[in-house]
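Chemist: Below is a structure I'd like to ask you about.
The values are calculated or read from the model by the stated rules, or taken from the named source; none is laboratory data. Owing to the predicted nature of the structure, the values given are computational and were not obtained by experimental measurement. For neighbour counting, all protein chains shown are included, and Cβ atoms are generated from backbone atoms with ideal geometry for every residue, glycine included. These area figures cover heavy atoms from the full protein model, side chains too; ligands, DNA and RNA do not enter into them. Shrake-Rupley method; radii C 1.70, N 1.55, O 1.52, S 1.80 Å.
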Amino acid sequence: MSTAVFTPKFISFDCYGTLTRFRMTEMATQFYADRLPAEALPRFCKDWSAYRLDEVLGAWKPYREVIANSLERTSKKWGVEFREEEASAVYEAVPTWGPHEDVPGGLSKICDKIPLVILSNAMNSQIMSNVGMLGATFHRVYTAESAQAYKPRMQAFEYMFDQLGMGPEVGMHVSSSFRYDQNTATDLGFGCRVFVGRGHEPSNANYRDVEIPHIGALPAVVGL
């Protein structure tokens, strides 16, 4: 479907990474600097990202466990000490993280014209703190906890559709991740898939209709 003429009935967003600046790598780099050489830390953080994805592919569990289990598994792989208090510190920091600087300006131009929805791999007790810093009004905010499933599982998206009373064909999904979002959005048949090139995943033309460098470019995609 041509994005030049496609006006969605809702726009759904990934939050952590796409809208909110995700600081997992920064925190792991700080914590593990006493156990790993500086040159190894980027690879350690990449492995931790992979283990976090693996942790959410099964039955739902609290996000605190996702963080702790994945960090413990990564530490085991690298043969370094895992400290439970560091995993807890990461979890407690999540709701303090604010948006990428381009987010408020971009969203504020759209939110009073098209319903904006968040579908986040988050806990109900944390997500509204992050949403409150985004600088725009959201029609609905849905979490993995409410859906009892994390993205990229279809169940998470299906929960959103059921709550909205609308299907993917009338929606636009916006995310900086193919692994968590756009691959599934493709399988589900979203009307438009917008990839935000934040730099943490390479682009893939097969799983996006539009690519933008930041949320400031999103209003133009919907003709605003």
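Chemist: Considering only the stretch 91-102, state which residues are free of Cβ contacts under 8 Å to residues at least 12 places away in the same chain and either farther than 19 Å from SER176 by Cα or not in a loop (DSSP other than H, G, I, E, B) (or both).
Modeler: To start, the set of residues in the stretch 91-102 that are free of Cβ contacts under 8 Å to residues at least 12 places away in the same chain comprises 92, 101.
Of everything in the stretch 91-102, just one residue is free of Cβ contacts under 8 Å to residues at least 12 places away in the same chain and either farther than 19 Å from SER176 by Cα or not in a loop (DSSP other than H, G, I, E, B) (or both), namely GLU92.
Chemist: Another question, then. What about ALA122, is it more than 22 Å from ARG198 (Cβ to Cβ), of a type in the set (A, V, I, L, M) and out of contact with any Lys or Arg (no Cβ under 8 Å at 6 or more places or on another chain)?
Modeler: Values: more than 22 Å from ARG198 (Cβ to Cβ): no; of a type in the set (A, V, I, L, M): yes; out of contact with any Lys or Arg (no Cβ under 8 Å at 6 or more places or on another chain): yes.
The answer is no for ALA122.
Chemist: Name the residues in the stretch 114-140 that are open to solvent by 40 Å² or more (accessible area, probe 1.4 Å) and of a type outside the set (Lys, Arg), would you? Spell out the reasoning first.
Modeler: Step one: filter the stretch 114-140 for residues open to solvent by 40 Å² or more (accessible area, probe 1.4 Å), giving 115, 124-125, 128-129, 132-133, 135, 137, 139-140.
Matches in the stretch 114-140: PRO115, ASN124, SER125, MET128, SER129, GLY132, MET133, GLY135, THR137, HIS139.
Chemist: Spot the failing condition for VAL174; the list is (1) closer than 11 Å to SER12 by Cβ; (2) part of a helix (DSSP H, G or I); (3) of a type in the set (Val, Ile, Thr), and only one is missed.
Modeler: The one condition VAL174 does not meet is (2).
Chemist: Return the residues of the stretch 103-113 that are outside any helix (DSSP H, G or I), open to solvent by 10 Å² or more (accessible area, probe 1.4 Å) and either closer than 17 Å to THR20 by Cβ or in contact (Cβ under 8 Å) with a residue 40 or more places away in the chain (or both); say none if nothing qualifies. Break it down into steps so the answer makes sense when it comes.
Modeler: As a first pass, look at the stretch 103-113 and keep what is outside any helix (DSSP H, G or I): 109-113.
Then drop every residue that is not open to solvent by 10 Å² or more (accessible area, probe 1.4 Å), which leaves 109, 111-113.
Selection gives LYS109, CYS111, LYS113.
Chemist: Return the only residue of LEU218, LEU164, LEU188 being hydrophobic (A, V, I, L, M, F, W, C) and surrounded by 21 or more Cβ atoms within 10 Å (Cβ to Cβ).
Modeler: Numbers: LEU164 fails: surrounded by 21 or more Cβ atoms within 10 Å (Cβ to Cβ); LEU188 fails: surrounded by 21 or more Cβ atoms within 10 Å (Cβ to Cβ).
Only one candidate qualifies: LEU218.
Chemist: Shifting gears a bit: If I ask for residues that are open to solvent by less than 20 Å² (accessible area, probe 1.4 Å) and hydrophobic (A, V, I, L, M, F, W, C), which ones from the stretch 37-84 would you list?
Modeler: Of everything in the stretch 37-84, those that are open to solvent by less than 20 Å² (accessible area, probe 1.4 Å) and hydrophobic (A, V, I, L, M, F, W, C) turn out to be ALA40, LEU41, PHE44, CYS45, TRP48, VAL56, VAL66, ILE67, ALA68, LEU71.
Results for (1) outside the structural domain of ASP102 (by the TED database); (2) charged (D, E, K, R); (3) part of a loop (DSSP other than H, G, I, E, B); (4) touching a Pro at 6+ places or on another chain (Cβ under 9 Å), shown as yes or no for each residue.
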{"position": "THR137", "(1), (2), (3), (4)": "no, no, yes, no"}
{"position": "TYR159", "(1), (2), (3), (4)": "no, no, no, no"}
{"position": "ASN183", "(1), (2), (3), (4)": "no, no, no, yes"}
{"position": "THR186", "(1), (2), (3), (4)": "no, no, no, no"}
{"position": "GLU211", "(1), (2), (3), (4)": "no, yes, no, no"}
